[in-house]
Amino acid sequence: MSSSSELLKSHKLRVTDQRVRIVDVMLEAETAVTYKYLSDTLPSDFDRVTIYRNLKAFEDKQLLHAIPNAEGELYYALCSHTHNDNFSGEHNHDCNDLHKSHAHFKCTKCDSIECLTETPVDGFALPQNYNARQYSLLIQGLCAKCNK
């Protein structure tokens, strides 16, 4: 059984050919991916509604999390997996645990977005009667590849 099928099952998602192919593309990517990237990479029999519905289902089951960039475009990163050999290593965190939130890095040269799981965001002091449900920290600059 493929690692994509295992990931889907471990998040209590029904395993379908389309879901496996979406997860395969995300596992092969070196960074978080956009809807457009998925749409351009997947075969033409994937319509936009199918991709969006699956991304939403994956997010609901904590298989992935959405990362808004500075322009509001969403990038998607799998929550618990090991990237391929060309990437920085393991990406393993709980998508819905505010206490384990982490920063994201957007390269201003190649436009990649990566999860910086080693850079935790431990929370903010909010005014009384405010309750954070989600927050995101986006750091922008040059990634390791572009900074050489």
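The one condition from (1) crowded, with 16+ Cβ neighbours inside 10 Å; (2) at pLDDT 85 or above; (3) in a loop (DSSP other than H, G, I, E, B) that Cys110 does not meet is (1).
From the list Thr119, Thr41, the lone residue that is of a type in the set (Ser, Thr, Tyr) and either under 25 Å from Glu6 (Cα atoms) or modelled with pLDDT of 85 or more (or both) is Thr41.
Taken over region 57-72, residues that are in contact with a strand residue (DSSP E or B) (Cβ under 9 Å, 6 or more places away or on another chain), free of Cβ contacts under 8 Å to residues at least 40 places away in the same chain and either assigned to a helix (DSSP H, G or I) or β-branched (Val, Ile, Thr) (or both) amount to 1. Looking at Phe87, Phe124, just one residue is modelled with pLDDT under 90, surrounded by fewer than 11 Cβ atoms within 10 Å (Cβ to Cβ) and of a type in the set (Phe, Trp, Tyr), and that residue is Phe124. In the set (1) surrounded by 15 or more Cβ atoms within 10 Å (Cβ to Cβ); (2) at pLDDT 95 or above, the condition left unmet by Arg14 is number (1). Checking Leu8, Leu13, Leu42 one by one, the residue that is under 29 Å from Thr108 (Cβ atoms), among the aliphatic types (A, V, I, L, M) and out of contact with any strand residue (DSSP E or B) (no Cβ under 8 Å at 6 or more places or on another chain) is Leu42 and no other.
The values are calculated or read from the model by the stated rules, or taken from the named source; none is laboratory data. Model, not experiment: these values are computed from the prediction. Methodologically, a virtual Cβ is constructed for each residue, glycine included, from the backbone with ideal geometry; neighbour enumeration extends over all protein chains shown.
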